[in-house]
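The values are calculated or read from the model by the stated rules, or taken from the named source; none is laboratory data. Nothing here was measured: the structure is a model prediction, and the numbers come from that model. FYI the Cβ positions are ideal-geometry reconstructions off the backbone, even for glycines, and counts take in every protein chain you see. Remember, those area values only see protein heavy atoms, side chains included, never the ligands or the DNA or RNA. Shrake-Rupley method; radii C 1.70, N 1.55, O 1.52, S 1.80 Å.
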Amino acid sequence: NPKAGNIIQVVSTAKTDTASTNSSTFADVFTVAITPTAASSKFLLFGDLKIGYNNYQAAIFWKFVRTVSSSDTDLFIGDSDGSRTRCTWGTEEPSSNSDNAKFELHTTNGTFLDTPNTTSAITYRVKWKAEQQTAYLNRSGHDSNTIAYQRAASSLTVMEVAG
């Protein structure tokens, strides 16, 4: 039995290539599978996404999701309020100027301590969606092949912490 608070295992995945979405339905960016060593374990999630936009009117969202036995649970999202999108992170009109937005790459982060109370296998996910425009992972919206344009990396790390 590990001492409470000790890290038992760490699983991480990174994405170094690019991706894009213009879907208004949440879809997977990352998945990490982990099997708890005890029902009392907690799981510390770290999401680090680099997101670009093709237009200043972009509305982009991402969230943590836990899947156990085909049942999804959204994690670390805001309360329901009208038609607003519940998410871990989101932005609408990230730049005040249409000319600038397509050149920007934003670092977005989320950290959450989950207490699933299970010994069943868990899949942690980061899901994203875009409204009105296109979102890009690890690149800006404008993507010329010159030294001035970036390529970044994004990741999801999950640590099992003894309860």
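Descriptive notes on the structure:
- Cα-Cα over 32 Å, subset of 3/129; 63/102; 15/102: 3/129
- Heavy-atom surface analysis with a 1.4 Å probe gives the chain a carbon and sulfur content of 42 percent of its accessible area.
- Candidates 59, 33, 130: whichever shows maximal mean-square fluctuation once the chain is modelled as a Gaussian network with Cα springs under 10 Å: 33
- Residue among 25, 78, 64 farthest towards the positive dipole end of the chain, charges placed on Cβ: 64
- Share of pairwise Cα separations in the stretch 70-145, more than 21 Å, in percent: 45
- For the stretch 1-40 versus the stretch 99-116, the inter-centroid distance based on Cα atoms is 16 Å.
- Debye intensity ratio in log₁₀ form over the Cα atoms of the stretch 1-67, taken at each q of 0.18, 0.19, 0.24 Å⁻¹: -0.84, -0.90, -1.24
- Using the 1.4 Å probe convention, the accessible area of the stretch 4-43 works out to 54 Å² per residue with neighbouring protein chains retained.
- Net charge of the neighbourhood of residue 158, taken over other residues with C-beta under 12 Å away and scored Lys/Arg +1, Asp/Glu -1, is +1.
- By a 1.4 Å probe calculation restricted to protein chains, residue 131 has an accessible surface near 60 Å², given to the nearest 10.
- Contact order relative to length of the chain, as percent, for alpha carbon pairs under 8 angstrom and 6 or more apart: 47
- Here the Gaussian network model covers the chain, with springs between Cα atoms less than 10 Å apart; of 55, 145, 22, 145 fluctuates the most.
- Accessible area ranking (1.4 Å probe, heavy atoms, ligands and nucleic acids excluded), largest first, for 149, 124: 149, 124.
- Net length gained if the chain between residue 93 and residue 131 were fully extended (0.36 nm per residue, minus Cα distance): 12.6 nm
- Computed about the Cα centre, the dipole magnitude for the stretch 34-163 is approximately 300 debye when only Lys and Arg (+1) and Asp and Glu (-1) carry charge, each at its Cβ.
- Summing Lys and Arg as +1 and Asp and Glu as -1 over all other residues whose Cβ lies under 15 Å from the Cβ of residue 67 gives a net charge of 0.
- Prolate/oblate/rounded call for the stretch 47-87, Cα gyration tensor, a/c under 1.5 rounded: oblate
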